[in-house]
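A.B. asks: This is the structure, below, for whatever I ask next.
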Amino acid sequence: MGDKKGVSAKLTLAAGTYALVYHSTAPDGGCYFSLLLESKAGGKILKSTWARPDNSGPFAGIETWTIKAGTYVLQEDRTGLTNCKGAWTATLTPA
């Protein structure tokens, strides 16, 4: 789950393939939700996914990522004027 700045706690992952499942709520339709896998908050983007919900309300997505062993954070990109900036949750589960 992201903190008030949209960054998760640190995740230590073994190398492998993971299912990323995320949930959020769009405050209004048309915002862009972008979730990034980084070695540290604001660091190099290693993996990313995005969604553009059409309406306000809850939305979810799933994607498969192949990840090298390491310590990471998930960070919501809130930099754009049209980016979603709400609460979100995500899980990475070995696939």
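A.B. asks: Tally time: how many residues in segment 68-92 are closer than 17 Å to Glu38 by Cα and either surrounded by fewer than 14 Cβ atoms within 10 Å (Cβ to Cβ) or not small (Gly, Ala, Ser) (or both)?
C.D. replies: Of the residues in that region, 16 qualify.
A.B. asks: Might you check whether a residue that is polar (S, T, N, Q) and either under 17 Å from Lys5 (Cα atoms) or touching a residue at least 60 places away in the same chain (Cβ under 8 Å) (or both) occurs anywhere in segment 80-87?
C.D. replies: Yes.
A.B. asks: Related question: For Leu46, state whether it is surrounded by 14 or more Cβ atoms within 10 Å (Cβ to Cβ), closer than 16 Å to Thr12 by Cβ and in contact (Cβ under 8 Å) with a residue 12 or more places away in the chain.
C.D. replies: So Leu46 fits the description; yes.
A.B. asks: Testing Gly2 on (1) modelled with pLDDT under 95; (2) surrounded by fewer than 19 Cβ atoms within 10 Å (Cβ to Cβ), one condition comes back false. Which one is that?
C.D. replies: (2)
A.B. asks: While we're looking at this one, here's another question. When the residues of segment 25-46 are filtered to those that are polar (S, T, N, Q) and assigned to a strand (DSSP E or B), which remaining residue is farthest from the chain's Cα centre (by Cα)? First the steps, then the outcome.
C.D. replies: Of segment 25-46, the ones polar (S, T, N, Q) are 25, 34, 39.
Within this subset, residues satisfying the condition of being assigned to a strand (DSSP E or B) are 25, 34.
Numbers: Thr25: 13, Ser34: 6 Å.
That would be Thr25.
A.B. asks: Against the definition (among the small types (Gly, Ala, Ser), more than 22 Å from Leu13 (Cα to Cα), free of Cβ contacts under 8 Å to residues at least 40 places away in the same chain and loosely packed, with under 13 Cβ neighbours inside 10 Å), how does Gly57 come out, yes or no?
C.D. replies: yes
A.B. asks: Of all residues in segment 47-75, count the ones that are in a loop (DSSP other than H, G, I, E, B) and either within 19 Å of Leu92 (Cβ to Cβ) or among the basic types (Lys, Arg) (or both). Spell out the reasoning first.
C.D. replies: Step one: of segment 47-75, the residues in a loop (DSSP other than H, G, I, E, B) are 52-56, 68-69.
Imposing the further condition that a residue be either within 19 Å of Leu92 (Cβ to Cβ) or among the basic types (Lys, Arg) (or both) reduces the set to 52, 68-69.
Of the residues in segment 47-75, 3 are in a loop (DSSP other than H, G, I, E, B) and either within 19 Å of Leu92 (Cβ to Cβ) or among the basic types (Lys, Arg) (or both).
The values are calculated or read from the model by the stated rules, or taken from the named source; none is laboratory data. Values in this document were obtained by computation on a predicted structure and should not be read as measured data. All Cβ positions, glycine included, derive from the backbone under ideal geometry; neighbour counts span all protein chains shown.
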